[in-house]
Every structure is written in structure tokens, then in C-alpha cells.
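K.L.:
Before I ask anything, let me first share the structure, which is written out below as C-alpha cells.
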Amino acid sequence: MTQQIASELVGSIAAVHVIVGQRVEAGEEVVLLESMKMEIPLLTEAAGTVTAVFVAPGDVVQEGDVVIVID
């Protein structure tokens, strides 16, 4: 099952905690988003392997932008 982790709102990427090929567990924080001086962790819904990372620290994202893909 492929899962796409998307930005929940407009903000900038504060940190990316995974790389392509890395195994992740359900509920693991993969990206830290910063918006209006708040930090919002983006979490996985299920375990899998990271197959794509579309962002880097400092990137600006819009609501709904896919940042990580996990298979």
C-alpha cells in the first residue's frame, strides 16, 4: 500500500528525518513543518519503506503538497 505524506498547511520544512530506502514504522515522524512559529510533525500512517522525498529543509510547501512517499 502506497502512502503519500502531504503538508497539512502552508509552511516551510524545518527538518527531514528520512532518506530514500529507509524503513519507517507507523506513527514515525518523517518531516517537521514550521508554520506561523508552530512546529507540526508529519507522521506515517503505516510501516513501509521511503521511496521518494520531495522536500529539503528550507523549502516552502503549500497545503496538500506531497512531501514523502512510502511503499
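K.L.:
Which cross-chain or sequence-distant (5 or more) residues have an amide H under 5 Å from the amide H of H17, H modelled 1.01 Å from N in plane?
P.N.:
For H17, whose amide H was placed from the backbone, the distant partners under 5 Å are V31, L32.
K.L.:
Based on alpha-carbon positions alone, could you give the equivalent ellipsoid semi-axes of the chain from the gyration tensor, as √(5λ), descending, whole Å?
P.N.:
The answer is 19, 11, 11 Å, longest axis first.
K.L.:
Further question: Of the accessible area of the chain, with the probe set at 1.4 angstrom, what percent is carbon plus sulfur?
P.N.:
The computed percentage sits at 54.
K.L.:
A further question on this structure: Would you mind counting up the charge near E45? Only other residues with Cβ under 12 Å from its Cβ, with Lys and Arg at +1 and Asp and Glu at -1. Present the calculation step by step, with values, prior to reporting the outcome.
P.N.:
On the way: positive: none; negative: E25, E28.
Summing Lys and Arg as +1 and Asp and Glu as -1 gives -2.
K.L.:
Place +1 on the Cβ of every Lys and Arg and -1 on the Cβ of every Asp and Glu in the chain, take the dipole about the Cα centre, and give the residue among M36, Q22, A6 whose Cα lies farthest towards its positive end.
P.N.:
Q22
K.L.:
OK, next. Using +1 on the beta carbon of Lys and Arg, -1 on that of Asp and Glu, and nothing else charged, what's the dipole of the chain about the Cα centre, debye to 20?
P.N.:
On the way: 2 positive and 11 negative charges, 27 e Å.
The dipole of the chain has a size of about 140 debye.
K.L.:
Follow-up question, since we're still on this one. What distance in nm separates the two pseudo spin-label positions at A46 and S12, each 7 Å out from Cα along the beta-carbon direction?
P.N.:
It works out to 3.5 nm between the two label points.
K.L.:
Express the accessible area of the chain per residue in Å², computed with a 1.4 Å probe while the remaining protein chains stay in the model.
P.N.:
Numbers: 4020 Å² over 71 residues.
About 57 Å² of surface per residue is accessible.
The values are calculated or read from the model by the stated rules, or taken from the named source; none is laboratory data. The shown structure was predicted, so the numbers you read here are calculated from the model rather than taken from an experiment. Positions of Cβ are backbone-derived with ideal geometry, glycine not excepted, and every protein chain shown enters the neighbour counts. Areas reflect the complete protein model, heavy atoms only, side chains present, ligands, DNA and RNA absent. Shrake-Rupley method; radii C 1.70, N 1.55, O 1.52, S 1.80 Å.
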